Amino acid sequence: MTDSSQTMHSGAETVLARAKASPARRAVGLLSLAGLGLLLIYSALTRSPDPVWQSVLVLVGLGFIAIAEVMRRATASAVELTEEALRDADGRVIVRMDEIARIDQGAFAVKPSNGFLLKTNRRVARGWRLGLWWSLGRRIGVGGMTPANETKLIAEIIRAKLAEREAA
């Protein structure tokens with residue numbers, strides 16, 4: 001986490017703010033998904049009367065464990081804001097700053113928890129990092145497992161940059 005007076009340097013670009021998955025939320029999410037998967041598999045092997053249902057429960061259980069692994073890998077990363085773009089800590093550009101049309105943090109916005117919604121000037125590539133961000137069409141949701149103060153800082157910086165751009 002940074003405040004507006006601190007910056008982080010990542011390679012050649014300066015990172016203005018970063019939002020990383022909260023360890024507590026990450027642990028609860030991963031344990032819930034993996035635990036449900038293991039519980040379904042255990043139930044299938046010990047209590048299922050029908051072989052078809054047994055197979056279905058095992059497959060669904062394995063699916064939950066696979067989703068937990070996807071979440072584990074995704075939440076190991078972070079969302080970073082630079083002067084040029086909002087990006088994944090792995091370097092994938094989520095959206096360039098000049099493509100952002102507006103930001104929405106309202107109560108009725110379809111956004112991740114503790115996050116915000118960006119609307120862009122054009123369609124952006126679809127993408128998804130479970131617990132961190134998603135993009136679909138002209139909308140990008142940021143947040144989920146991230147602490148509210150970190151995503152709020154990113155949103156405030158983006159809002160200020162949009163105001164600067166409109167004033168110019």
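Structure above, values below:
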quantity	calculated
Rounded to 10°, Cα long-axis angle of helix 23-47 versus longest principal axis of the chain	20
Accessible area of segment 18-139 belonging to carbon and sulfur atoms, whole % at 1.4 Å probe	62
20 °C / 1.002 mPa s Stokes-Einstein diffusion coefficient of the chain, Kirkwood radius on C-alpha pairs, µm²/s	123
Relative contact order %, the chain, counting alpha carbon pairs below 8 Å whose residues are six or more apart	22
Dipole axis of segment 113-165 (+1 Lys, Arg; -1 Asp, Glu on Cβ), positive-most option in 116, 136, 151	136
Listed residues 62, 78, 41: farthest to the positive end of the dipole of segment 19-109 (Cβ charges)	41
Probe 1.4 Å, accessible area per residue of segment 41-116, Å²	57
Under-5 Å amide H pairs with residue 94, H placed in peptide plane, nonlocal only	86, 87, 88
Between 0 and 90°, nearest 10: helix 51-74 axis offset from the chain longest Cα axis	30
Size of electric dipole in the chain: Cβ of Lys, Arg +1 and of Asp, Glu -1, about Cα centre, debye, nearest 20	380
Bridge type composition, the chain - antiparallel percent by DSSP, nearest 5	100
Local electrostatic count at residue 96 - Lys and Arg +1, Asp and Glu -1, tallied over other residues with Cβ under 11 Å	-2
Angle between the chain longest axis and helix 148-167 axis [Cα atoms, degrees, rounded to 10]	40
Three principal axis lengths of segment 75-168 [C-alpha, angstrom, descending]	38, 26, 22
Alpha-carbon Rg with Dmax, taken over segment 117-168, Å	12.2, 36
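The values are calculated or read from the model by the stated rules, or taken from the named source; none is laboratory data. Owing to the predicted nature of the structure, the values given are computational and were not obtained by experimental measurement. As a convention, Cβ positions derive from the backbone with ideal geometry for all residues, glycine included, and neighbour counts pool all protein chains shown. Surface accessibility is based on the protein's heavy atoms, side chains included, excluding ligands, DNA and RNA. Shrake-Rupley method; radii C 1.70, N 1.55, O 1.52, S 1.80 Å.
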